[in-house]
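First the structure, in the form of structure tokens, and then the observations on it.
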Amino acid sequence: MGNDLYLHHLFQEKEFWNRYDNLKEVLRHLHEQSELVDRVRREEIIPEQTRELAVKALSADIEQTRRLFTEIFQNFISGAAAGLNRVDLETSITLVDMELLEVNRCSLWVDGEPWEIPMDIGKKFAEYILAKGEGTPAEIITEFYENEEHLSDIRLGGSLNRCSLQMMEETYPARNLHVRLRLPAQCLVDHHIL
């Protein structure tokens, strides 16, 4: 019985790292595609109409890669929840004049190692949180965080070192709210954000 459990754990660990490698490879490909589109846009030697057609074709390819990334990302997070590996999402946002949402950074932390992921995931996450509650943005974010922290406390047996919330309200020259939020990435799947 002990050997079966050990083999099962080894299989889960191997599968986790294979999924992680696949996720990183898709992210690299997405980054390379975006750089190529930027280079084509800046290339003045190519006629404008040809450039627009190339950008359109490359943009369609990028969109397809993003859909693939989302599927792999969701499977990765779901698979990580079954194992012992820590997979957290950290996003840093700014609410300009308490209305306009800007994502400054979005990272996936895998066993303590950060990996930059597309910022649109951080944007979807922040928009979801802000649409869920009532009150000021700071109150809404705090309430969401406290609920998720409580769930993490139950799931992780009292380990809250994977949850953090930092907020800074700027009052001059504009009223801005700067937020850095870190939670287990499983909350993206739990709330159907992906």
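Just give me the residues in the range 147-194 being in contact with a Pro (Cβ under 6 Å, 6 or more places away or on another chain) and either at pLDDT 90 or above or of a type outside the set (G, A, S) (or both), in sequence order.
If the condition is that a residue be in contact with a Pro (Cβ under 6 Å, 6 or more places away or on another chain) and either at pLDDT 90 or above or of a type outside the set (G, A, S) (or both), then R162, L177 are the ones that fit.
Do the conditions hold for G122, that is, is it under 27 Å from H29 (Cβ atoms), free of Cβ contacts under 8 Å to residues at least 40 places away in the same chain and over 11 Å from the mean Cα position of the chain (by Cα)?
So G122 does not fit the description; no.
Within the range 63-85, work out how many residues are open to solvent by 20 Å² or more (accessible area, probe 1.4 Å) and modelled with pLDDT of 85 or more.
Count: 10.
Scan the range 31-62 for residues that are within 14 Å of P118 (Cα to Cα) and either open to solvent by 80 Å² or more (accessible area, probe 1.4 Å) or not β-branched (V, I, T) (or both) and report the count.
Selection size over the range 31-62: 5.
Go through the range 107-139 and give me each residue that's part of a helix (DSSP H, G or I), aliphatic (A, V, I, L, M) and under 16 Å from A185 (Cβ atoms).
Result: M119, I121, A126, I129.
Any residue that is over 13 Å from C187 (Cβ atoms), open to solvent by less than 60 Å² (accessible area, probe 1.4 Å) and assigned to a helix (DSSP H, G or I) - is there at least one of those in the range 142-150?
Yes, some residue in the range 142-150 is over 13 Å from C187 (Cβ atoms), open to solvent by less than 60 Å² (accessible area, probe 1.4 Å) and assigned to a helix (DSSP H, G or I).
Which residues, taken from the range 86-106, are farther than 19 Å from S164 by Cβ, assigned to a loop (DSSP other than H, G, I, E, B) and either open to solvent by less than 10 Å² (accessible area, probe 1.4 Å) or in contact (Cβ under 8 Å) with a residue 40 or more places away in the chain (or both)?
D97, M98
If you scan the range 162-194, which residues turn out to be assigned to a loop (DSSP other than H, G, I, E, B) and surrounded by 11 or more Cβ atoms within 10 Å (Cβ to Cβ)?
R162, C163, R175, A185, H191, I193, L194
Note down all Cβ pairs under 7 Å where the first residue falls in the range 28-47 and is in a helix (DSSP H, G or I), the second is at pLDDT 90 or above and among the small types (G, A, S), and they're at least six residues apart or on different chains.
Here the result reads V37/S59, each pair linking the range 28-47 to a residue that is at pLDDT 90 or above and among the small types (G, A, S).
The values are calculated or read from the model by the stated rules, or taken from the named source; none is laboratory data. Everything numeric here is computed off the predicted structure, so don't read it as measured data. Cβ: placed from backbone, ideal geometry, glycine included. Neighbour counts: every protein chain shown. Surface accessibility is based on the protein's heavy atoms, side chains included, excluding ligands, DNA and RNA. Shrake-Rupley method; radii C 1.70, N 1.55, O 1.52, S 1.80 Å.
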